[in-house]
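Visitor: Input: one structure, supplied below.
None of the figures in this text is laboratory data; all of them are computed from the coordinates on show. What you are looking at is a predicted structure, and each value in this text was computed from that prediction instead of being measured. When we count neighbours, we look across all protein chains shown, and the Cβ atoms used for this are built from the backbone with ideal geometry, even at glycine.
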Amino acid sequence: MPDFMLVCKSYRGDLARVRRLLDTLAPHNPQGLPTVVIVPSDDLPLFRDGLAGQRHELVSDEDVVRSHPKASSKQLLDRYKRTPGYRSQQVIKSDAWRLLGCDSCLCVDSDTVFLRDVGRADFLHPDGHPYTLMHQSRDLLQLAVDRGHPGVAKHFREESQRLKSLFGRIGPDYDFGPQPLLWSSRVWNDLDQRFLEPRGWTLWDAIDHVPTEIRWYGEALLAYQSIPLAPIEPLFRVYHHDWQWLAMRRLGETPEKLADQFLGVVYQSNWEFELDAPGTRSALSRVSRQFKRFRRRLENML
């Protein structure tokens with residue numbers, strides 16, 4: 001396997017988003033960076049048909065689970081099946097390096113859109129290790145407060161404090177994201193051997209304890225210095241919330257303008273519902289999301 005690749009964890013509800021991801025990556029991948037899409041085994045036939053002709057490799061969630069060397073495959077598979085999807089996908093993404101054999105990866109979500117050419121130099125330090133996404137997210141947190149969403153900043157601080165306390169770190173509250181995420185297998189391996197194993201844990205236990213794989217990676221990197229720290233700000237513009245997207249659009253932000261500063265853009269699927277597969281969400285959920293977006297539009301007009 002190549003030492004660096006793009007990895008996308010998805011499922012049947014996001015097939016259209018993965019197709020859009022690959023469609024936008026194709027003309028912006030001059031180095032032919034390999035791309036792996038990971039989905040539940042039941043979804044493999046759907047993705048083979050839906051992504052026919054696209055340059056990618058498909059692997060299953062279950063194969064990632066079975067690749068863990070230090071626990072019963074059946075035990076972990078049972079754990080995988082009974083874990084809610086929003087948590088299990090965090091473990092699958094974080095443990096994918098075991099199966100794929102890569103040194104590092106760019107972990108992209110299905111809702112990613114590429115805006116300009118990308119290559120190894122965007123993601124890897126000249127010494128070969130990945131850069132580290134690490135900042136304090138001040139602009140987003142202030143925007144959240146300004147737009148009447150103080151809970152965003154409160155959750156950020158509380159979540160950070162939980163992980164900092166586990167590692168005994170005192171200092172700033174860092175954001176080690178957002179996605180797409182630059183990850184080194186050495187960091188995940190050190191987290192496993194130096195933090196999880198002594199406690200009799202696997203990553204499944206860690207995510208159950210504090211469900212944020214982004215912070216587990218970042219705090220482990222700071223604690224064990226598995227790779228040299230070369231911090232950078234986010235490479236992609238991420239619209240976490242509809243109110244954020246509407247506020248930025250009102251200020252004149254467009255994909256064309258973003259391409260000067262960002263490699264791409266992420267429209268999070270928790271509010272960008274137009275590409276949801278039929279039957280993925282209930283009619284009530286779709287109506288609720290449409291109403292909330294309409295309300296946000298009105299708020300941004302005031």
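Visitor: Which length gain, in nm to one decimal place, applies between Asp63 and His28 when the Cα-Cα distance is subtracted from 0.36 nm times their residue separation?
Guide: In short, 9.7 nm is gained.
Visitor: Can you work out the Karplus-derived ³J(HN,Hα) for every residue in the range 103-112? Use 6.51 cos²θ - 1.76 cosθ + 1.60 with θ = phi - 60°, whole Hz, and x for glycine or proline.
Guide: Working through the residues one at a time gives 6, 7, 7, 9, 8, 9, 7, 4, 8, 8 Hz.
Visitor: Over the range 46-110, what is the relative contact order in percent, taking alpha-carbon pairs closer than 8 angstrom and at least six residues apart?
Guide: Relative contact order comes out at 32 percent.
Visitor: Hey, what's the per residue convex hull volume over the C-alpha atoms of the range 1-82, in cubic angstrom?
Guide: So the per-residue Cα hull volume is 94 Å³.
Visitor: If you build the Cα gyration tensor of the range 157-265 and take the root of 5 times each eigenvalue, what three semi-axes come out, in whole angstrom, biggest first?
Guide: Working: eigenvalues 195, 47, 30 Å².
Equivalent ellipsoid of the range 157-265: 31, 15, 12 Å, largest first.
Visitor: Given labels modelled 7 Å from the Cα in the Cβ direction, how far is it in nm from Asp122 to Val210?
Guide: The answer from the label model is 3.1 nm.
Visitor: Additional query: Would you calculate, for the chain, the mean residue ellipticity at 222 nm contributed by helices, counting each DSSP H stretch of 4 or more residues as -39,500 (n - 2.57) and dividing by all residues, to the nearest 500?
Guide: The per-residue figure over the chain is -13500 deg cm²/dmol.
Visitor: A further question follows. Express the relative contact order of the chain as a whole percentage, based on alpha carbon pairs under 8 Å and six or more residues apart in sequence.
Guide: Numbers: 427 pairs, mean separation 66.0, N = 302.
Here the relative contact order equals 22 percent.
Visitor: Does the range 74-121 come out rounded, prolate or oblate, given a ≥ b ≥ c as the square roots of the eigenvalues of its C-alpha gyration tensor, rounded meaning a/c under 1.5 and, failing that, prolate meaning a/b above b/c?
Guide: Oblate, since a/c reaches 1.5 and b/c is not below a/b.
Visitor: Continuing with this model, one more query. Can you give me the C-alpha center-to-center distance between the range 1-52 and the range 122-173, rounded to a whole angstrom?
Guide: Computed from Cα coordinates, the inter-centre distance equals 28 Å.
Visitor: If the cut-off is a Cα-Cα distance under 24 Å, which lysines reach Lys81, setting aside same-chain residues fewer than 8 apart in sequence?
Guide: Answer for Lys81, where 24 Å is the Cα cut-off: Lys9, Lys70, Lys93, listed by chain and number.
Visitor: Just to be sure I understand, if you calculate Rg and Dmax of the Cα atoms in Å for this structure, which of (1) 19.1, 57; (2) 32.0, 106; (3) 18.1, 56 do you get?
Guide: Checked against the structure: label (1).
Visitor: State the antiparallel share, in %, of DSSP beta bridges confined to the chain, rounding to the nearest 5.
Guide: Details: 9 of 28 bridges.
Bridges in the chain that DSSP calls antiparallel: roughly 30 percent.
Visitor: I would also like to ask the following. How much length, in nm to one decimal, is gained on full extension between Met248 and Arg194, taken as 0.36 nm per residue of separation minus their Cα-Cα distance? Could you put the intermediate results ahead of the total?
Guide: Working: separation 54, 0.36 × 54 = 19.44 nm, distance 4.20 nm.
The span from Met248 to Arg194 would gain 15.2 nm if fully extended.
Visitor: Another question, if that's okay. Please go through the range 50-151 and write out the trypsin sites (Lys or Arg not before Pro) that DSSP classes as loop and that have at most 14 other C-beta atoms within 10 Å. Spell out each step's value before the answer.
Guide: Numbers: sites: Arg55, Arg66, Lys70, Lys74, Arg79, Lys81, Arg82, Arg87, Lys93, Arg98, Arg116, Arg120, Arg138, Arg147; in loops: Arg55, Lys70, Arg116, Arg147.
Within the range 50-151, the qualifying trypsin sites (Lys or Arg not before Pro) (loop, at most 14 other Cβ atoms within 10 Å) are Arg55, Lys70, Arg116.
Visitor: Loop by DSSP (not H, G, I, E, B), at most 15 other beta-carbon atoms within 10 Å: where is the longest site-free stretch of the chain for GluC sites (Glu not before Pro)?
Guide: 1-252
Visitor: Full extension from Lys154 to Lys74: what is 0.36 nm times the residue separation minus their Cα-Cα distance, to one decimal in nm? Let's see the in-between values first.
Guide: Working: separation 80, 0.36 × 80 = 28.80 nm, distance 3.88 nm.
Gain on extension, Lys154 to Lys74, equals 24.9 nm.
Visitor: Say we join alpha carbon atoms closer than 10 Å with springs in a Gaussian network model of the chain; which of Val39, Val59, Val145 then has the biggest fluctuation?
Guide: Fluctuation is largest for Val145.
Visitor: Still on this model: Taking R0 as 25 Å, what's the FRET efficiency between Asp260 and Asp146 from their Cβ-Cβ distance, rounded to 0.05?
Guide: Taking R0 as 25 Å, the efficiency between Asp260 and Asp146 is 0.50.
Visitor: Can you give the FRET efficiency for Gln161 and Leu229, using 1/(1 + (r/R0)^6), R0 = 30 Å, r = Cβ-Cβ distance, to the nearest 0.05?
Guide: The pair Gln161/Leu229 has a calculated efficiency of 0.90.
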